[in-house]
Amino acid sequence: MNIRKNPYSLFCVLLLISLAVALIALGMGEHWINPLSPSSDMESRILWELRWPRLLTAFAVGGMLALAGAWFQVLLGNPLAEPYVLGVAGSAAVGAVSAMIFMPDAAWAVSLGAFVGAWVGITVVLFFSRLGSARLLLAGVVLAAFWAAVLMLLIALLPERGVALAYAWMMGDLSNSALPIWLLMLVWAAALACGLILSLSLDKLLLGEKHAAALGVNVPHLRKLLLLLASAVTALAVTAAGTIGFVGLVVPHLMRLLLGSLHQSVLIASAFGGGVLLMLADTAARTVISPAELPVGVLTAIIGVPVFLWLLLRRNA
Amino acid sequence: MIQMQALRVQRGDKQLITSLTMQAKKGEVVVVLGPNGAGKSTLLLALTGLHADYAGEIILQDKTLPHYSHQEISLQVAWQGELPPTEFGLTVQQRLEMACSGKLEKLAQALAYFELKPLAKRALGELSSGERQRVEIAAIMVRDCPIWLMDEPTAHLDMRHQVDCLKLMKQEAEQGRLIITVLHDLPQAAAIADRVVVLDGLGGVEVGLAKDMLTAKCLEPIFHVKLKGNGYDLMPAYQKEYHGELYEKA
């Protein structure tokens, strides 16, 4: 059976691959623990209470970022678009860092700050949703620069200890997500389902807005829905894990290279592929120099940049 | 089939068409002529429901356009215009499947008509503009809508495919479709037009039978070009102006 053509077999194959990767990643850590037969109660608790929730968080966040990236790319008609392109991550970072400054004692405040910040950013972007793709992108890039400036200002105001925290948050951290795992998995599944429902319309949008409309798609409606959906998913991913770069940019392109550009398969593959990539990156982040940890956002960028550059050269050839 | 009543079309501040009233019936080929920026493409977009900045009425079958959903219009009206973007690597086959809504025998027929079978698996970005234009004409074929709106269908095409395209348009009209098309080439217009709409670029419109409209007297003041000949031979007189008598008369 050709898994490129059959979404059910694609789904099943990717689910199996994800489970296999998760199982291996679960065993890896400071000490290798066989996930199928932990030798002690202690090991079993390390597996299921420490590593497993973190793996699931990585999977859900990675999948959400990749889905949001695929959506932003088709919404903006630009292959370089990614989940943070319209400044949502910047405003979330401003929110998170503000929370660190003004409520330094409450751990949950950082997530709340990020979530509120992300939605402030989305609300501002929605004002520009009626602009054409090119101008919307331009507005987003300018907004991102604005949020970056505000962020620099806040960091300048932070006491020394806070600077380290702020940087750690901005580089992405899956170790202390304030969001429950079931919520993240639910959002992942709901996002994939929404994407699949919209997939035929999204395919038509690849032909440009006029062609899509002439084929019966309500384009203004779809654009607004897509902007809201992609931004909301990005906001949740950022709330859970801070800003993790390149997953949202590279994974959809990799999947297009492997499976073609129709959205049914691209979205299924991105939801799983982004999840697997982030599980691997996070496992590397916590094992390479264990017991210390590398920031996961740094690893995804180190993996992502060469892959993407190779992709650009390949496209050009 | 499609009726325009006191249609006034604008884009931003610019008044493109001040008042157009006409009725186009099935089986007809209507050619829209006019200088660049006169509003030919915008008129087609308005008729597709993609350009809402107009006053007056557009009546499709028996209802005005705003009474239709996007989906309903797309079953009646097929539009061919700018070449679609190529960034995301769609193939010819995929692009046509989006247009044909499951009618695969139509798709095979269109691929064969425009000799696109060898290109079916190729990405649109790997094709030349002429090949991509053939894909777009094939896409309007597979739509199977009673009304075709075509914006410069012969652009980018080589001579043989221009001829094939015009032949297809005439045949389809004879089988009962309404075809409204923008063209720039006067002999091509003469070859297929039943009626002609001329936009003068200043808001004025004239509608008439092809044989009355495709004359030097009617078109010279609008295009500001010296024309020679009539009907099928109507063309700009630029040869003699620049080149003298270099070639022998046929």
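Which one is nearest to the other protein chains (Cβ to nearest Cβ), of the residues in region B:64-97 that are assigned to a helix (DSSP H, G or I) and surrounded by 21 or more Cβ atoms within 10 Å (Cβ to Cβ)?
B:Ser74
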Inset, instruction - Could you please give the count of residues in region A:113-122 that are of a type in the set (A, V, I, L, M) and free of Cβ contacts under 8 Å to residues at least 40 places away in the same chain? - result: 2
Inset, instruction - May I ask you to list the residues in region A:118-131 that are touching a helix residue (DSSP H, G or I) at 6+ places or on another chain (Cβ under 8 Å) and not hydrophobic (A, V, I, L, M, F, W, C)? - result: A:Gly121, A:Ser129, A:Arg130
Inset, instruction - Can you tell me which residue among A:Val125, A:Val88 is touching a residue at least 24 places away in the same chain (Cβ under 8 Å), buried (at least 18 other Cβ atoms within 10 Å of the Cβ) and touching a Leu at 6+ places or on another chain (Cβ under 6 Å)? - result: A:Val125
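The rows are residues; the columns are (1) more than 14 Å from chain A (Cβ to nearest Cβ); (2) aliphatic (A, V, I, L, M); (3) over 28 Å from A:Val217 (Cα atoms); (4) in a strand (DSSP E or B).
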{"position": "B:Val9", "(1), (2), (3), (4)": "yes, yes, no, yes"}
{"position": "B:Gly37", "(1), (2), (3), (4)": "yes, no, no, no"}
{"position": "B:Thr42", "(1), (2), (3), (4)": "no, no, no, no"}
{"position": "B:Leu47", "(1), (2), (3), (4)": "no, yes, no, no"}
{"position": "B:Ile59", "(1), (2), (3), (4)": "yes, yes, no, yes"}
Inset, instruction - May I ask you to list the residues in region B:11-35 that are closer than 14 Å to B:Ile147 by Cβ and not in a strand (DSSP E or B)? - result: B:Lys25, B:Lys26, B:Gly27, B:Glu28
Legend entry - Matching residues, region B:1-47, being more than 26 Å from B:Asp212 (Cβ to Cβ) and modelled with pLDDT of 95 or more: B:Leu45
Inset, instruction - Considering every residue within region A:50-61, establish whether at least one is at pLDDT 85 or above, assigned to a loop (DSSP other than H, G, I, E, B) and more than 21 Å from the chain's Cα centre (by Cα). - result: no
Inset, instruction - Could you look through region A:207-224, keep only residues that are of a type in the set (A, V, I, L, M, F, W, C) and more than 7 Å from chain B (Cβ to nearest Cβ), and pick out the one that is surrounded by the most Cβ atoms within 10 Å (Cβ to Cβ)? - result: A:Ala212
Legend entry - Residue within region A:190-197 that is within 14 Å of another protein chain (Cβ to nearest Cβ), on the phi < 0 side of the Ramachandran plot and free of Cβ contacts under 8 Å to residues at least 40 places away in the same chain present: no
Inset, instruction - Return the only residue of B:Asp151, B:Asp164, B:Asp194, B:Asp144 being at pLDDT 95 or above, more than 22 Å from B:Met213 (Cβ to Cβ) and of a type in the set (D, E, K, R). - result: B:Asp164
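Could we say that A:Leu313 is over 14 Å from the mean Cα position of the chain (by Cα) and farther than 24 Å from A:Ala237 by Cα here? Break it down into steps so the answer makes sense when it comes.
Details: over 14 Å from the mean Cα position of the chain (by Cα): yes; farther than 24 Å from A:Ala237 by Cα: yes.
Yes: the conditions hold for A:Leu313.
The values are calculated or read from the model by the stated rules, or taken from the named source; none is laboratory data. The structure presented is a predicted model; accordingly, all values stated were derived computationally and were not measured. No Cβ is skipped: glycine too gets one built from the backbone with ideal geometry, and neighbour counts run over all protein chains shown.
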